Amino acid sequence: QVQLVESGGGVVQAGGSLRLSCAASGNIDSHNVMGWYRQVPEKQRELVAIFTSGGNTVYADSVKGRFTISRDNAKNTMYLQMNSLKPEDTAVYYCLANSGGYHYWGQGTQVTVSS
């Protein structure tokens, strides 16, 4: 079992920054795939950024150069630094972790970017 708790969402003006956190507990370590997804109403959840099993990072084209994913293995916490935010980044952001062949999701945190 893995528990994920996101925090750091909020309302920000276009061009601003936010940092999301995902605190993980349970059967998880630095080798687990972890990443961030986002979803807007009536659309599928989409990948934002992810750590692969090999430790590489993959970003959606729409966020490359603006968002940075990182993790603090000592704290079992993953972050998403979001800079130069745009109104189209408005969504609920979810943390994902893969462990033991299962996908675990956090509860989500709302990010709203006003124009």
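Values computed for the structure shown
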| read-out | value |
| --- | --- |
| Residue pairs meeting the criteria (Cβ under 8 Å; at least 6 apart or on separate chains; first open to solvent by 50 Å² or more (accessible area, probe 1.4 Å), in segment 2-19; second among the basic types (K, R)) | A14/K86 |
| Hits in segment 1-20 - residues which are closer than 17 Å to V63 by Cβ and polar (S, T, N, Q) | S17 |
| Residue check for S115: over 10 Å from the mean Cα position of the chain (by Cα) and surrounded by fewer than 13 Cβ atoms within 10 Å (Cβ to Cβ) | yes |
| Enumeration of residues in segment 28-47 that are over 16 Å from R71 (Cα atoms) and not β-branched (V, I, T) | R38, Q39, P41, E42, K43, Q44, R45, E46, L47 |
| Test for K75: is it open to solvent by 20 Å² or more (accessible area, probe 1.4 Å), out of contact with any Asp or Glu (no Cβ under 7 Å at 6 or more places or on another chain) and in contact (Cβ under 8 Å) with a residue 12 or more places away in the chain | yes |
| Any hit, segment 22-34, residues being under 19 Å from T109 (Cα atoms) and open to solvent by 70 Å² or more (accessible area, probe 1.4 Å) | no |
| The lone exception for N83 - which of (1) open to solvent by less than 20 Å² (accessible area, probe 1.4 Å); (2) farther than 23 Å from V2 by Cβ; (3) in contact (Cβ under 8 Å) with a residue 60 or more places away in the chain it fails | (1) |
| Where a residue in segment 40-58 is at negative phi and polar (S, T, N, Q) and its partner, wherever it lies, is assigned to a loop (DSSP other than H, G, I, E, B) and open to solvent by 60 Å² or more (accessible area, probe 1.4 Å), with Cβ under 9 Å and at least six apart | S53/H31 |
| Residue within segment 47-66 that is open to solvent by less than 60 Å² (accessible area, probe 1.4 Å), over 12 Å from the mean Cα position of the chain (by Cα) and small (G, A, S) present | yes |
| Qualifying residue in segment 77-97 (condition: within 19 Å of G10 (Cα to Cα) and small (G, A, S)) | yes |
| Flag for S99 being in contact (Cβ under 8 Å) with a residue 24 or more places away in the chain and in contact with a Pro (Cβ under 6 Å, 6 or more places away or on another chain) | no |
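The values are calculated or read from the model by the stated rules, or taken from the named source; none is laboratory data. Nothing here was measured: the structure is a model prediction, and the numbers come from that model. Here Cβ is always computed from backbone atoms with ideal geometry, including for glycine, and neighbour counts include all displayed protein chains. Only protein heavy atoms, including side chains, enter the accessible area calculation; ligands, DNA and RNA are left aside. Shrake-Rupley method; radii C 1.70, N 1.55, O 1.52, S 1.80 Å.
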